[in-house]
Amino acid sequence: MERIFQIVAVFILLTLFIHRWVKGREVHYRPYDFIRRIRPPLPEGVEERLIAATPGAPEGLTEARVDMFIAHDGLVFCYGAEGRLTIYRQDGDRYRQRQELPVPLDSIAMAFDPADEKLYLEVSGFIFIYG
């Protein structure tokens, strides 16, 4: 009986080790939050490296109301005009929701800065920065 417990204990430890090893390879997600609000223009150099949003919803994401989105490095930022920003991790054809943020209503533009990993929303003459 003691031998069976030893085998089960070794099996559990190996399973935990393999799970931790596989989980460790996944890029860690850092949650986004509101940083500040500024008036245009953006600082020098930022505007050239921005990735602009695409109108509509990403292909394969049907359960959410999305007005524009940005896909970058496995993350998909989806903006809804009702004031919701939802961030998904894309794994092939699957989308896993990582975070949902309240954002200003009726944004006219959205862009992502890959160098600083900041998200910019333009609303009513202001630029809201999330990072």
(request) Please identify the pairs in which a residue from region 34-52 that is within 15 Å of Gly125 (Cβ to Cβ) has its Cβ atom under 9 Å from the Cβ atom of a residue that is exposed (fewer than 10 other Cβ atoms within 10 Å of the Cβ), counting only partners at least 6 apart or on another chain. (result) Arg39/Gly125; Pro40/Gly125
(request) Run Glu26 past the list (1) modelled with pLDDT of 85 or more; (2) under 19 Å from the mean Cα position of the chain (by Cα); (3) under 23 Å from Pro114 (Cα atoms) and report the number of the one that doesn't hold. (result) (1)
(request) Look through region 109-131, keep the residues that are of a type outside the set (Gly, Ala, Ser) and not in a strand (DSSP E or B), and return whichever of them is farthest from the chain's Cα centre (by Cα). (result) Asp116
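Is it true that Glu82 is surrounded by fewer than 17 Cβ atoms within 10 Å (Cβ to Cβ) and assigned to a loop (DSSP other than H, G, I, E, B)? Before you say what the answer is, go through the steps one by one.
Values: surrounded by fewer than 17 Cβ atoms within 10 Å (Cβ to Cβ): yes; assigned to a loop (DSSP other than H, G, I, E, B): yes.
So Glu82 passes the test.
May I ask you to list the residues in region 58-112 that are of a type in the set (Ser, Thr, Tyr) and without any contact (Cβ under 8 Å) to a residue 12 or more places away in the chain? Steps first, answer last, please.
Applying the first criterion (of a type in the set (Ser, Thr, Tyr)) to region 58-112 yields 62, 79, 86, 88, 95, 107.
Answer for region 58-112, where residues must be of a type in the set (Ser, Thr, Tyr) and without any contact (Cβ under 8 Å) to a residue 12 or more places away in the chain: just Thr62.
Does region 96-112 hold any residues that are over 17 Å from Pro31 (Cβ atoms) and either surrounded by 14 or more Cβ atoms within 10 Å (Cβ to Cβ) or acidic (Asp, Glu) (or both), and which are they? Reasoning before the result, please.
So the first thing to find is which residues in region 96-112 are over 17 Å from Pro31 (Cβ atoms), and the list is 104-111.
Selection gives Pro104, Asp106, Ser107, Ala109, Met110, Ala111.
Among residues belonging to region 39-74 that are part of a strand (DSSP E or B) and touching a Phe, Trp or Tyr at 6+ places or on another chain (Cβ under 7 Å), point out the one that is nearest to Asp91 (Cα to Cα). Step through it out loud before you land on a result.
Pass one, region 39-74, residues part of a strand (DSSP E or B): 51-52, 54-55, 68-72.
Now drop any that are not touching a Phe, Trp or Tyr at 6+ places or on another chain (Cβ under 7 Å), which leaves 51, 54, 68-70, 72.
Numbers: Ile51: 21, Thr54: 20, Met68: 20, Phe69: 16, Ile70: 15, His72: 12 Å.
Filtering first and then ranking leaves His72.
The values are calculated or read from the model by the stated rules, or taken from the named source; none is laboratory data. This is a predicted model, so every value here is computed, not measured. Counting neighbours? That spans all protein chains shown, and the Cβs are built from the backbone with ideal geometry, glycine included.
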